[in-house]
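Below is one structure, written out as structure tokens; comments come after it.
The values are calculated or read from the model by the stated rules, or taken from the named source; none is laboratory data. A quick note: this is a predicted structure, and the numbers were derived from the prediction, not measured. Reconstructed Cβ throughout: ideal geometry from the backbone, glycine too, with neighbour counts over all protein chains shown. Ligands, DNA and RNA are stripped out before the accessible areas are found, and what is left, the full protein with its side chains, is counted by its heavy atoms. Shrake-Rupley method; radii C 1.70, N 1.55, O 1.52, S 1.80 Å.
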Amino acid sequence: MKSFSVLTALAGLIGAAQATVQGFDISNWQSSVNFAGAYSSGARFVIIKATEGTTYIDPKFSSHYTGATSAGLIRGGYHFAHPDSSTGAAQADYFLAHGGGWSADGITLPGMLDLESVSGKATCYGLSTSSMVSWIKSFSDRYYSKTGRYPMIYTNYSWWNQCTGNSNAFAATNPLVLARWSSTVGTMPGGWPYQTIWQNADTYTYGGDSDIFNGSLDRLKVLARGS
């Protein structure tokens, strides 16, 4: 499968001494983003919030996406999951219809599924671990069926362990975007041997959160192209 081959290609990134690429992620909370400044400082990618559930489109997505493209950044969209409100497949369809698609143009990242707790709701949205894994699989499989790519999965060790039972069902197909605001990446969840992207801080000089791609710029381009 294509996504597995991409993960296999990325597997060569593992090592104590290796290249990394700075990036960042943003949403409407960042009303003004200095894309050109980020690029000049060395950033080469940005992940932009597109949707939540099946009813919300981020009002800044379009302008953020245009700004990122104009600055020369590799860019992609992300979807904030609401597993309690509709099926994974329905949310994947909504994401794809509102900015979350992928194309092999070399500057578009596969979409990212954001899995974390949200204020005012149960940590795992009232789902059992098996139901959560099924929900994620529904989203992932629908995204793959429409694009030929598996979505990246954003999560943290604690949430993944609690809400999926530390499932390893996605380790061979879906690139991991690991949230851990620390000086070290820490323990990998779910059988992933390494993170593809590490969200290492909740601040970034030019806007949003800091992300570090686990490899060289050439490897980042592999992730974008899909081969």
- Message: Checking the condition open to solvent by 20 Å² or more (accessible area, probe 1.4 Å), under 17 Å from K221 (Cα atoms), modelled with pLDDT of 95 or more and assigned to a loop (DSSP other than H, G, I, E, B), which residue from D84, D105 passes?
- Response: D105
- Task: Please find, among Y65, Y39, the residue that is under 29 Å from G215 (Cβ atoms), part of a helix (DSSP H, G or I) and out of contact with any helix residue (DSSP H, G or I) (no Cβ under 9 Å at 6 or more places or on another chain).
- Result: Y65
- Query: Which of (1) among the hydroxyl-bearing types (S, T, Y); (2) more than 21 Å from A89 (Cβ to Cβ); (3) not in a loop (DSSP other than H, G, I, E, B) is the odd one out, the single condition Y143 does not satisfy?
  - Reply: (2)
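Output the residue which, of all residues in the range 110-133 that are β-branched (V, I, T) and loosely packed, with under 15 Cβ neighbours inside 10 Å, is modelled with the lowest pLDDT.
V118
Just a yes or no: is a residue in the range 185-194 farther than 27 Å from W29 by Cα, in a loop (DSSP other than H, G, I, E, B) and of a type in the set (S, T, N, Q)?
In the first step, residues of the range 185-194 are kept if they are farther than 27 Å from W29 by Cα; the result is 186-194.
Filter once more, so that each one left must be in a loop (DSSP other than H, G, I, E, B): 186-194.
Applying the additional criterion that residues be of a type in the set (S, T, N, Q) yields 187.
Yes, the range 185-194 contains at least one residue that is farther than 27 Å from W29 by Cα, in a loop (DSSP other than H, G, I, E, B) and of a type in the set (S, T, N, Q).
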- Of the numbered conditions (1) closer than 27 Å to T129 by Cβ; (2) open to solvent by 10 Å² or more (accessible area, probe 1.4 Å); (3) in contact with a Phe, Trp or Tyr (Cβ under 8 Å, 6 or more places away or on another chain), I212 fails exactly one; give the number of that condition. (1)
